[in-house]
Amino acid sequence: MKGTGMRRWPVGAVLAMLAVIVVGGCGDEDSPSDRASAAVPGLHSFDLYVAASADGDVLSADLYGITFDPLTVHRITTDKRISNLAADRSTVVVVAADEQLDKLALVTEGGELVPLPGVGRPHGFSPEVRPNGRIRFEDDGPDNDRRVLGRVLEYDPQTERTRVLFSSRREINLAGTLSGGFLELVHRDNADDQVAIVGDGARRVFRIAPRIGDALVGTGYVAARVYRVDDPTAEPTDTSLLDTMTGKAVVVRGWSPLAWSPDGTRLLVKRRPASGEMETELGLLDVRRPKDVTQVGVVPALVLYSGAWVSGEAL
């Protein structure tokens with residue numbers, strides 16, 4: 001990718017580097033993890049945050065921080081059962097089942113989960129940190145009004161209050177918000193799964209694939225996680241990259257989306273080895289050349305599920 005200013009690492013060099021600077025395991029006093037733990041960066045110095053698991057169980061995922069230059073991985077939380085996250089350079093918010101039910105929480109410097117000031121830990125999904133610092137999320141509607149089955153809310157840290165942006169009499173599956181609207185996932189039993197762009201009184205629906213997982217909103221593009229087989233326990237293996245202006249989609253085989261770059265033009269993608277080992281390979285996709293995935297490196301001993309890319313300076 002000439003002219004992009006992107007740094008490329010040989011995969012072998014990255015593997016060797018990560019072998020000594022992945023933090024969070026148990027070992028002897030002189031183990032690499034013990035030596036590296038003294039140099040764990042501050043919470044807001046990471047380039048990428050991911051929900052990941054060392055045993056391959058999505059229900060036991062924790063929050064990890066990744067720096068790109070050099071490529072290092074540090075464990076931030078322990079036993080928090082994180083299912084989703086969103087972040088910018090100053091805020092990290094997660095959806096966690098550490099209290100049995102999925103609830104929103106802010107992450108502190110020490111890896112603890114704390115309430116959102118003024119509103120506590122609401123039951124919510126699909127968090128998103130907006131450029132103005134506000135946090136958007138989805139819930140199932142108020143307990144005292146069962147006519148509402150889905151809402152999009154926004155939390156303002158300045159006023160410490162939430163307001164409802166959208167409510168529906170049916171369940172919604174928020175994937176992210178766009179200018180003037182939001183993106184919704186639509187799962188069908190007897191047809192291809194879809195994404196719908198809802199806003200300004202209009203609803204544009206795009207068929208994606210027989211079975212999709214989450215979808216990530218970029219700048220002018222939507223990246224959907226695609227399953228090759230109809231197996232509810234399988235992981236997404238492919239990416240469907242949808243141009244929201246033309247409605248055309250390109251399928252990238254073998255890589256599933258992890259996180260958009262902060263400007264929404266490059267996509268960090270991931271894949272697992274065919275052997276099923278507990279590691280995740282990272283790649284970088286440019287929307288101008290979506291099928292030319294550049295290998296970034298391998299994160300050993302972790303399965304990565306979702307992520308938030310907050311700094312693009314080093315890739």
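Enumerate the aspartates and glutamates that K103 could reach by cross-link, defined here as Cα to Cα under 16 Å, with residues fewer than 8 away along the same chain left out. The qualifying aspartates and glutamates are D62, D79, E112, E128, E138, D139, D140, D143, E154.
The trypsin sites (Lys or Arg not before Pro) of segment 70-122 that meet both conditions, a loop assignment by DSSP and at most 16 other Cβ atoms within 10 Å of the site Cβ, are R89. The aspartates and glutamates whose alpha-carbon is closer than 19 Å to the alpha-carbon of K248, local same-chain residues fewer than 8 away aside, are E184, D192, D193, D214, D238, D286, D292. Restriction of the trypsin sites (Lys or Arg not before Pro) in segment 170-211 to DSSP coil positions whose beta-carbon has at most 16 other beta-carbons within 10 angstrom yields R170, R188.
Applying 0.36 nm per residue to the separation of D145 and D57 and subtracting their alpha-carbon distance, the gain on full extension is 28.1 nm.
Across the accessible surface of the chain, with the other protein chains kept in place and a 1.4 Å probe, carbon and sulfur atoms take up 48 percent.
Loop-resident chymotrypsin sites (Phe, Trp or Tyr not before Pro) (DSSP state other than H, G, I, E or B) in segment 169-242 with no more than 13 further Cβ atoms inside 10 Å of their Cβ are absent. Extension gain, S45 to V164, is 39.6 nm, computed as 0.36 nm per intervening residue step minus the present C-alpha separation. Taking the charge dipole of segment 95-197 about its Cα centre, with +1 at Lys and Arg Cβ atoms and -1 at Asp and Glu Cβ atoms, the residue from H187, V129, G141 reaching farthest to the positive side is G141. Accessible surface area normalised per residue over segment 127-204 is 57 Å², counting heavy atoms of protein chains with a 1.4 Å rolling probe. Using only side-chain charges placed at the Cβ, +1 for Lys and Arg and -1 for Asp and Glu, the dipole size of segment 37-128 relative to its Cα centre rounds to 140 debye. Note down the nm distance, to one decimal, between modelled labels 7 Å out along Cα→Cβ at A191 and at K291. Taking the simple label geometry, A191 and K291 are separated by 2.9 nm. By the Kirkwood approach, averaging reciprocal distances over each pair of separate Cα atoms, the chain gets a hydrodynamic radius of 20.2 Å. Per-residue extension of 0.36 nm, minus the Cα-Cα distance of T237 and S275, leaves a gain of 12.3 nm for this segment.
The values are calculated or read from the model by the stated rules, or taken from the named source; none is laboratory data. Model, not experiment: these values are computed from the prediction. All Cβ positions, glycine included, derive from the backbone under ideal geometry; neighbour counts span all protein chains shown. For the accessible areas, the whole protein counts, side chains as well, though only heavy atoms, and no ligand, DNA or RNA atoms are used. Shrake-Rupley method; radii C 1.70, N 1.55, O 1.52, S 1.80 Å.
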